């Protein structure tokens with residue numbers, strides 16, 4: 001590695017890049033588990049902005065960072081970059097409380113830039129924060145989603161991690177992509193694996209969105225949850241509901257199927273009944 005590259009900080013995203021999950025989902029699920037009667041606080045906080053929602057959740061929820069599903073190939077690569085002398089920066093839209101805890105857990109991250117109670121550190125906000133900190137084209141950036149395109153556009157070089165083809169193309173249209181790190185494709189069932197259902201206690205409530213009109217995939221997802229955590233309560237939500245889909249989901253163990261748009265009172269009643 002050249003001296004010029006070693007002098008450029010390597011910035012890495014968290015959700016979907018360094019870990020196989022999203023900490024907003026993780027903290028929301030745990031919040032609903034801890035205090036199900038307060039589930040209606042979530043849309044109130046969200047109406048004030050994502051930064052406020054994440055901050056309120058972080059005030060109330062602690063996460064076990066040691067048990068998170070980390071991408072071992074990304075971590076191995078970052079450790080090697082750090083060994084060679086590069087500065088590693090974690091920059092994430094997740095809340096700073098969780099980001100600092102993960103940095104402490106991993107031990108090779110030199111700096112953390114993350115969401116606080118005011119700024120949601122995503123997309124243009126993230127790009128501007130990194131330019132303010134390191135200068136335009138003053139950092140390399142590893143990430144995985146469309147939200148990262150504005151950041152890649154301001155980076156010296158892009159590293160694309162486990163991205164869909166459209167994201168990879170968008171990255172190449174705005175930056176020099178020097179590395180792509182793949183990941184096994186598991187579709188919906190890979191998503192279930194990342195949720196780590198086997199670690200949840202019996203009363204956790206899971207909200208599963210029905211994905212379009214693909215009944216086979218929807219029911220496969222439900223079946224996988226029920227198999228891995230048979231005592232977990234599952235509510236399915238859909239804008240594509242039919243009597244047949246509803247009947248099949250209930251037969252397979254869904255607690256309730258809510259058709260959008262649904263009455264929030266109905267949701268509150270179901271949650272409070274657990």
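The values are calculated or read from the model by the stated rules, or taken from the named source; none is laboratory data. Here the structure is a predicted model, which is why all the values come from computation and not from measurement. Cβ coordinates were reconstructed from backbone atoms using ideal geometry, including for glycine residues, and neighbour counts include every protein chain displayed.
Structure notes:
- Selection from the stretch 1-24 of residues that are part of a helix (DSSP H, G or I) and touching a residue at least 40 places away in the same chain (Cβ under 8 Å): 5, 6, 23, 24
- Looking across the stretch 102-111, the residues that are buried (at least 18 other Cβ atoms within 10 Å of the Cβ) and touching a helix residue (DSSP H, G or I) at 6+ places or on another chain (Cβ under 8 Å) come down to 102, 109.
- Top-ranked residue in the stretch 49-59 [being assigned to a helix (DSSP H, G or I) and out of contact with any helix residue (DSSP H, G or I) (no Cβ under 6 Å at 6 or more places or on another chain); ranked as surrounded by the most Cβ atoms within 10 Å (Cβ to Cβ)]: 54
- Condition check for residue 131: under 22 Å from residue 74 (Cβ atoms), assigned by TED's automatic domain parsing to the domain that holds residue 87 and free of Cβ contacts under 8 Å to residues at least 24 places away in the same chain: no
- Odd one out for residue 63, checked against (1) within 24 Å of residue 146 (Cβ to Cβ); (2) touching a residue at least 12 places away in the same chain (Cβ under 8 Å): (1)
- A single member of 76, 101, 41 is in contact (Cβ under 8 Å) with a residue 12 or more places away in the chain and under 30 Å from residue 134 (Cα atoms), and it is 101.
- Screening residue 41 on (1) under 20 Å from the mean Cα position of the chain (by Cα); (2) surrounded by 14 or more Cβ atoms within 10 Å (Cβ to Cβ) shows it passes everything except condition (1).
- Test: residue in the stretch 120-137 that is buried (at least 20 other Cβ atoms within 10 Å of the Cβ) and part of a strand (DSSP E or B): no
- Test set (1) assigned by TED's automatic domain parsing to the domain that holds residue 149; (2) closer than 18 Å to residue 24 by Cα - residue 111 fails condition number: (2)
- Members of the stretch 60-90 found to be under 16 Å from residue 21 (Cβ atoms), touching a helix residue (DSSP H, G or I) at 6+ places or on another chain (Cβ under 8 Å) and in a helix (DSSP H, G or I), listed by number: 65, 66, 67, 75
- Selection over the stretch 103-124 of residues that are closer than 12 Å to residue 12 by Cβ and out of contact with any strand residue (DSSP E or B) (no Cβ under 7 Å at 6 or more places or on another chain) gives a count of 1.
- Search result, residues across the stretch 101-119 that are outside any helix (DSSP H, G or I) and at pLDDT 95 or above: 107, 108, 109, 110, 111, 112, 113, 114, 115, 116, 118, 119
- Scanning the stretch 89-101 for residues that are in contact with a strand residue (DSSP E or B) (Cβ under 9 Å, 6 or more places away or on another chain) and surrounded by 16 or more Cβ atoms within 10 Å (Cβ to Cβ) gives 89, 90, 91, 92, 93, 94, 95, 96, 97, 98, 99.
- You will find that of 9, 36, the residue that is closer than 25 Å to residue 134 by Cα, surrounded by 18 or more Cβ atoms within 10 Å (Cβ to Cβ) and touching a helix residue (DSSP H, G or I) at 6+ places or on another chain (Cβ under 9 Å) is 9 and no other.
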